[in-house]
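Remarks on the structure that follows.
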Amino acid sequence: SHFCVLTGLWRNDVGSRMQIDRVNEDGSFSGKYHTAVSLTENSIKPATLIGSQQLSEGGQPTFGFTVNWKSFSESTTVFTGQCYVGENGKEILQTMWLLREKVDPQNNWGATRVGTNIFTRTKGQNV
Ligand code: BTN
């Protein structure tokens with residue numbers, strides 16, 4: 001099946017772990033994100049994520065979510081992406097993110113990073 005629901009445990013290419021608890025009937029979801037990397041010197045703690053995915057027939061849906069890092073950082077990240085199911089039946093999340101760092105107004109020009117992450121499902125422990 002090409003149908004892809006985001007519920008479950010995921011790991012990305014930098015080793016971050018993500019747990020999506022459930023996807024509601026309207027496509028909204030919540031979960032936890034345990035990043036493997038940080039801009040800060042603070043000790044990393046799991047953060048809450050809130051998102052929304054398309055629930056169209058045919059699967060391979062697009063989605064977006066926000067991570068509020070307030071458990072250890074004043075930054076915010078938004079991710080957007082699409083879930084693909086490969087020939088091997090394995091799901092993969094192709095994403096891009098924007099990470100906003102808290103800065104004074106004169107440093108606004110350089111306060112947003114952009115990047116990509118690829119997530120695959122893991123059977124590991126909860127975030
Ligand atoms: C911070 O450093 O202030 C908060 C953590 C940011 C982690 C970023 S979000 C985009 C990228 N993908 C990850 O899995 N972690 C980093």
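If you check V127 against the conditions, is it under 14 Å from the mean Cα position of the chain (by Cα) and within 11 Å of the ligand (Cβ to nearest atom)? It is false that V127 is under 14 Å from the mean Cα position of the chain (by Cα) and within 11 Å of the ligand (Cβ to nearest atom).
Which residues, counting only those in the stretch 79-97, are of a type in the set (A, V, I, L, M) and surrounded by 15 or more Cβ atoms within 10 Å (Cβ to Cβ)?
Our first condition is that a residue be of a type in the set (A, V, I, L, M); within the stretch 79-97, this holds for 85, 92-93, 96.
Listed by number, the residues that qualify are V85, I92, L93.
Within the stretch 93-120, if we keep just the residues that are without any contact (Cβ under 8 Å) to a residue 40 or more places away in the chain and among the hydrophobic types (A, V, I, L, M, F, W, C), the residue that is farthest from the ligand (Cβ to nearest atom) turns out to be W109.
Among the residues that make up the stretch 25-32, is at least one of them surrounded by 15 or more Cβ atoms within 10 Å (Cβ to Cβ), near the ligand (Cβ under 10 Å from one of its atoms), touching a residue at least 12 places away in the same chain (Cβ under 8 Å) and not aromatic (F, W, Y)?
Taking the stretch 25-32 and keeping what is surrounded by 15 or more Cβ atoms within 10 Å (Cβ to Cβ), we get 27, 29-32.
If we keep only those that are near the ligand (Cβ under 10 Å from one of its atoms) too, we end up with none.
No, that holds for no residue.
Per the listing S71, S52, the residue uniquely surrounded by fewer than 16 Cβ atoms within 10 Å (Cβ to Cβ) and either hydroxyl-bearing (S, T, Y) or in a loop (DSSP other than H, G, I, E, B) (or both) is S71.
Every number in this text was worked out from the coordinates using simple rules, so none of it is lab data. Note that the coordinates shown come from a computational prediction; the quantities given were computed from them, not determined experimentally. Glycine gets a Cβ as well: all are built from the backbone with ideal geometry, and neighbour counts include every protein chain shown.
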